[in-house]
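A.B. asks: Just passing along the structure, written as structure tokens.
The values are calculated or read from the model by the stated rules, or taken from the named source; none is laboratory data. All values derive from a computational prediction rather than experimental measurement. Here the Cβ positions follow ideal geometry from the backbone for every residue, glycine too, while neighbour counts run over all protein chains shown.
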Amino acid sequence: METRMPVRDIMTKGVITAESDMKASDAGQKMIAHNVGTLIITDKGEPVGIVTERDMVRKIVSKDLKPSSATLKDLMTQPLVTVSPDDSIDKAARKMAELDIRRLPVIENDKLVGIITDTDMIAISSGLADILSNLIEMNREHISFRLGKGLEQGICERCGELSDALEMVNGILVCESCKDEISR
């Protein structure tokens, strides 16, 4: 994953919010209408908490409560854990992992400007992995020439196994076993 990329480059803007006094039943309808699994809870326009579909299940459905009797203030997780749009994706990912959370509201100058999710992280990391793989393949010959005779650790180009010692044989980097087979 590109760790120096700022959160602003992958965050979702236009976050769906709800006031803390909204009934859970109305919040559920709002989530369905906007096709989201999360609402950022506000109090007088200021972000103060978060409610997810999981919160609805754990705090209402599993307790057989009536959704119209609970407010989002009763359900929300607080304090709200946030990141800045200028924070690195790496910092956001570490925060999510350390706190075991899947969504981070993005706050700039005390205003909600976006949200970043674990899905956003996965999307960017898989895209970067493809790009990196393509770059390695495109530059394979150039890398081999610069390496000279050998390389300490890497993937054998013949058998595909990880090796602690690779050597250049007939223009490809090979492990000790493949080198012996080629030499026979």
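A.B. asks: Could you figure out which of (1) touching a strand residue (DSSP E or B) at 6+ places or on another chain (Cβ under 8 Å); (2) over 14 Å from Val15 (Cα atoms) isn't true of Val61?
C.D. replies: Checking Val61 against (1) touching a strand residue (DSSP E or B) at 6+ places or on another chain (Cβ under 8 Å); (2) over 14 Å from Val15 (Cα atoms), the one that fails is (1).
A.B. asks: Quick one: which of Arg58, Arg94, Arg54 is over 23 Å from Lys23 (Cβ atoms) and either part of a loop (DSSP other than H, G, I, E, B) or not β-branched (Val, Ile, Thr) (or both)?
C.D. replies: Selected residue: Arg94, the only one of Arg58, Arg94, Arg54 that is over 23 Å from Lys23 (Cβ atoms) and either part of a loop (DSSP other than H, G, I, E, B) or not β-branched (Val, Ile, Thr) (or both).
A.B. asks: Take the residues in segment 54-73 that are of a type outside the set (A, V, I, L, M) and loosely packed, with under 15 Cβ neighbours inside 10 Å, then tell me which one is nearest to Asp100 (Cα to Cα).
C.D. replies: Arg54
A.B. asks: If you don't mind, another one. Here is a list: Gly49, Gly45, Gly14. Which entry is more than 22 Å from Ile122 (Cα to Cα) and at pLDDT below 90?
C.D. replies: The conditions single out Gly45.
A.B. asks: If you take the residues of segment 27-41 that are more than 10 Å from Met76 (Cα to Cα) and out of contact with any helix residue (DSSP H, G or I) (no Cβ under 8 Å at 6 or more places or on another chain), which of them is surrounded by the fewest Cβ atoms within 10 Å (Cβ to Cβ)?
C.D. replies: Asn35
A.B. asks: May I pose another question? Only one residue in Arg103, Arg146, Arg184 is at pLDDT 85 or above and either of a type outside the set (Asp, Glu) or not assigned by TED's automatic domain parsing to the domain that holds Val48 (or both), so which one is that?
C.D. replies: After applying the criteria, what remains is Arg103.
A.B. asks: Out of segment 61-86, which residues are polar (S, T, N, Q), over 26 Å from the mean Cα position of the chain (by Cα) and not in a loop (DSSP other than H, G, I, E, B)?
C.D. replies: Ser68, Ser69, Thr71 - these are the residues of segment 61-86 that are polar (S, T, N, Q), over 26 Å from the mean Cα position of the chain (by Cα) and not in a loop (DSSP other than H, G, I, E, B).
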